[in-house]
Amino acid sequence: YWGGIFGYKGLDELKQRIQPYMIRRSVAEVIPQLPPKIVSEIPFELSLCEITLYDKIKKELLFEIAQHELSKVENVITLQNTLVKMVRLKQLTCSMELLSENKTSTKLEVLKELLIDILGEQKAIIFTQFSTMADIMERELSNYKPIKITGEIGRRQELLDKFNTDPSTKVLIMTAAGQYGLNIQAASIVIHYDNEWSLAKIHQREGRAHRIGQQRPVLVYHLIANKTIDSYIKKVIYKKQELADNLIGGTPTTLAE
């Protein structure tokens, strides 16, 4: 992957300048009755066929980058094609079905095993960026009677009420359409099937369950395919969190230490 920020200048001066204009308090200080949030990572290796296709797309991506100085690209299509390949890498870590007729998905199998281990009497929210992946999970997790909320679903509150009140409905699958404004205290498990690049969006996901009215500790899981774009996004998020900590004080825990 190209580019990257390797360090910052003047952070101490910037921190001094913004400090008089900020009041920063942690969630624990403002809402001490909130239960704890426990964050874990579930790392895994892709299968051979997944790795083979992943490496092929990655080589094409790196070749395109090597051919151009991206900061000076005049043809927008060139840059768009490069970014599309990065999305393809992310989709591949989710399921080969997003790119082909092959239904191989190591991550989906890891998710199934995780749900067997942790679900019990609890309910889980599973987040993905891809609506097609939400459709696949709805099909593959049918034994949990999942409810799916995406941007295409209009009766959101009706579905949410069913999830909150029906004991047999254990899993809620959502895209970004469900990241904001919903109270889902019936769930005490949040699973990031794939991660956002944005720290704030990840916090919004977790905030659907970790909020006032939640009675249980909230368990948060990140599914991370080793040596892939999943790992790279994790690294970017860590750097963002570190920068925020240095400038404005502690931020909510995002990934496991």
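The values are calculated or read from the model by the stated rules, or taken from the named source; none is laboratory data. Predicted, not measured: the structure shown is a model, and the values here were computed from it. Glycine gets a Cβ as well: all are built from the backbone with ideal geometry, and neighbour counts include every protein chain shown. These accessible areas exclude ligands, DNA and RNA; they are computed on the full protein's heavy atoms, side chains included. Shrake-Rupley method; radii C 1.70, N 1.55, O 1.52, S 1.80 Å.
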Against the globular-protein guess of 2.2 N^0.38 Å, express the Cα radius of gyration of segment 99-170 as a ratio, rounded to two decimals. 1.16
In Å, the Kirkwood hydrodynamic radius from C-alpha pairs for segment 144-208 sits at 12.3 Å
Got a number for carbon plus sulfur as a percent of segment 121-257's accessible area, 1.4 Å probe? 50 percent
Would you mind checking which residues have amide H under 5 Å from Ile173's amide H? H placed 1.01 Å from N; only 5 or more apart, or other chain. Ile126, Ile147, Lys148, Ile149
Two decimals is fine: what is log10 I(q)/I(0) at q = 0.13, 0.20, 0.25, 0.26 Å⁻¹ for segment 130-174, from a Debye sum with one equal scatterer on every Cα and no solvent? -0.25, -0.59, -0.88, -0.94
Would you give the gap between the C-alpha center of segment 140-187 and the C-alpha center of segment 194-241, rounded to a whole Å? 19 Å
Per-pair calculated FRET efficiency, R0 = 41 Å: Lys235 and Asn143 via Cβ, rounded to 0.05: 0.70
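Here is the link list: Lys201/Lys240; Lys103/Lys170; Lys145/Lys234. Which ones come out longer than 21 Å on Cα distance? Present the calculation step by step, with values, prior to reporting the outcome.
Numbers: Lys201/Lys240 13 Å; Lys103/Lys170 24 Å; Lys145/Lys234 31 Å.
Beyond 21 Å: Lys103/Lys170; Lys145/Lys234.
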Using a Cα-Cα cut-off of under 16 Å, which lysines could be cross-linked to Lys59, ignoring same-chain neighbours fewer than 8 residues away? Lys85, Lys90, Lys227
